[in-house]
Amino acid sequence: MDLINIYKKIIIDPSMSWVLFKNGTCAMLLEPQNDIKTQAIQILRTHGPVTAGTPSGDFEVTKTPEINGWIVTGNYPGIMMYVSSEEAGNKKSDFEIGMIGRTKRELDAKELEVVYVEDKRKSI
């Protein structure tokens, strides 16, 4: 299953707009503005980088069997990363999975390359 379909499966709010970045970070837009791609880039630019010893380095790991992997979230609501069982390999502890997800977020915060936009706003 590709990342777009994985996020479509786990984001259950039918009105939630979201943006997917190159390394797999997904930014859900809790209050979408006019240009949601630019908004997501700004969110990840601001809240994506990791600073050791601060809340930006914290994460939570949730095993999600229906997508054959884990969802890793951090201290900013709406940013999440998917880690597949294949990516995890023999690394199965929450800490190891969380570090994989956090590394993806860190890369996406540097590169800021959007690969997909799911715009659920109602057109007027």
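The values are calculated or read from the model by the stated rules, or taken from the named source; none is laboratory data. Nothing here was measured: the structure is a model prediction, and the numbers come from that model. Using ideal geometry, Cβ is built from the backbone for each residue, glycine included, and neighbour counts are taken over all protein chains shown.
Inspect region 106-124 for any residue being in contact with a helix residue (DSSP H, G or I) (Cβ under 9 Å, 6 or more places away or on another chain), surrounded by 19 or more Cβ atoms within 10 Å (Cβ to Cβ), of a type in the set (D, E, K, R) and closer than 19 Å to Asp2 by Cβ and give the result as yes or no. Within region 106-124, one or more residues are in contact with a helix residue (DSSP H, G or I) (Cβ under 9 Å, 6 or more places away or on another chain), surrounded by 19 or more Cβ atoms within 10 Å (Cβ to Cβ), of a type in the set (D, E, K, R) and closer than 19 Å to Asp2 by Cβ.
All but one of (1) at pLDDT below 90; (2) closer than 24 Å to Glu86 by Cα; (3) surrounded by 13 or more Cβ atoms within 10 Å (Cβ to Cβ); (4) not charged (D, E, K, R) hold for Pro65; which doesn't? Going through (1) at pLDDT below 90; (2) closer than 24 Å to Glu86 by Cα; (3) surrounded by 13 or more Cβ atoms within 10 Å (Cβ to Cβ); (4) not charged (D, E, K, R) one by one, Pro65 breaks only (3). Across region 17-32, the qualifying residues are those that are touching a Pro at 6+ places or on another chain (Cβ under 9 Å) and under 15 Å from Thr73 (Cβ atoms), and the one among them that is surrounded by the fewest Cβ atoms within 10 Å (Cβ to Cβ) is Leu30. All of Ser93, Ser84 fail the test of being surrounded by 13 or more Cβ atoms within 10 Å (Cβ to Cβ) and modelled with pLDDT under 95, apart from Ser84. Scanning region 98-113 for residues that are in contact (Cβ under 8 Å) with a residue 24 or more places away in the chain and under 14 Å from Ile79 (Cα atoms) yields Gly98, Gly101, Arg102, Lys104, Arg105, Glu106, Leu107, Asp108, Ala109, Leu112.
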